[in-house]
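> I'd like to ask some things about the structure below.
The values are calculated or read from the model by the stated rules, or taken from the named source; none is laboratory data. Because the structure is a prediction, the values reported are computed rather than measured. Cβ sites come from the backbone with ideal geometry, for glycine too, and all protein chains shown count toward neighbours. Areas reflect the complete protein model, heavy atoms only, side chains present, ligands, DNA and RNA absent. Shrake-Rupley method; radii C 1.70, N 1.55, O 1.52, S 1.80 Å.
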Amino acid sequence: MQAMSYVARTDRPADKAARYAEVQQEILAVLEGEPSRIARMATVASMLADAFDVYFWTGFYLVAEDRAEELVVGPYQGTLGCLRIPFGRGVCGAAARTGQTQVVQDVHAFPGHIACDSRSRSEIVVPVRDASGALIAVFDVDATEPAAFDAVDAQALEALIHQVFAA
């Protein structure tokens, strides 16, 4: 397998979409035959964090097994994450509650935002479902700059997450 190259953020949607497609192929190749959900999550977080310099915090919050409607931090790359997040609270909780991807251009304007790290300025959170359609986690990416994420990021991350966890 060829090593991933470090690519700076680009504002050109076609370039970003192409980079996501390249990284998705690399991730799927690494994960081929790997049954462990945790190993899959750790690999996705690591490889995406390495592929995009705009990614400041990249990781998963898993649906907690010990408490109803709560997320607990899972595999991630970055600074210390929040340990637990209730459904409906913050961007991650909103994604868990609604089942919809959340693209937030300014986290400080988001009602109920949880500041796990005050340097975070924008965020995207994608619900993670298993093959049966059950919510198992959310995938969270933060950036230190505002408006770092858009529809290209949402579409690419939704497709990758589906391929890795539900396909």
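> Can you work out the Karplus-derived ³J(HN,Hα) for every residue in the range 43-58? Use 6.51 cos²θ - 1.76 cosθ + 1.60 with θ = phi - 60°, whole Hz, and x for glycine or proline.
5, 4, 4, 5, 5, 5, 4, 6, 7, 10, 5, 6, 6, 8, 9, 9
> At a probe radius of 1.4 Å, what is the per-residue accessible area of HIS113, in Å² to the nearest 10?
In the full protein context, HIS113 sits at about 40 Å².
> So if R0 is 25 Å, what FRET efficiency would ALA167 and GLN105 give, r being the distance between their Cβ atoms, rounded to the nearest 0.05?
Efficiency for this residue pair is about 0.25.
> Highest GNM mean-square fluctuation, the chain, Cα pairs closer than 10 Å: which of GLY93, GLY33, GLY59?
Residue with maximal mean-square fluctuation among GLY93, GLY33, GLY59: GLY33.
> Taking only protein heavy atoms into account and a 1.4 Å probe, give the accessible area per residue of the chain in Å².
48
> If you don't mind, another one. Per residue of the range 140-151, in order, report the coupling 6.51 cos²θ - 1.76 cosθ + 1.60 (Karplus, θ = phi - 60°) as ³J(HN,Hα) in whole Hz, putting x for Gly and Pro.
10, 10, 10, 10, 8, 10, x, 6, 7, 10, 8, 5
> How big is the accessible area of LEU62 in square angstrom, nearest 10, if you roll a 1.4 angstrom probe over the protein chains?
Near enough 40 Å² of accessible area.
> Counting only GluC sites (Glu not before Pro) that sit in a DSSP loop (anything but H, G, I, E, B) with at most 10 other Cβ atoms within 10 Å, what is the longest stretch of the chain containing none of them?
With a cap of 10 other Cβ atoms within 10 Å, the longest stretch comes to 66-167.
> Also, quick follow-up: As an exercise, take the mean of 1/r over every pair of distinct alpha carbons in the chain, invert it, and state the Kirkwood radius in angstroms.
Computed over Cα pairs of the chain, the Kirkwood hydrodynamic radius comes out at 15.8 Å.
> Using 0.36 nm per residue of separation minus the Cα-Cα distance, give me the extension gain between GLN155 and LEU80 in nm, one decimal.
Contour length minus the Cα-Cα distance gives 24.3 nm.
> Out of every Cα pair in the range 76-167, what percent are spaced more than 24 Å from each other?
15
> What's the extension gain from ALA64 to ALA134 if we count 0.36 nm per residue and subtract their Cα-Cα distance?
Full extension of this stretch gives 23.9 nm more.
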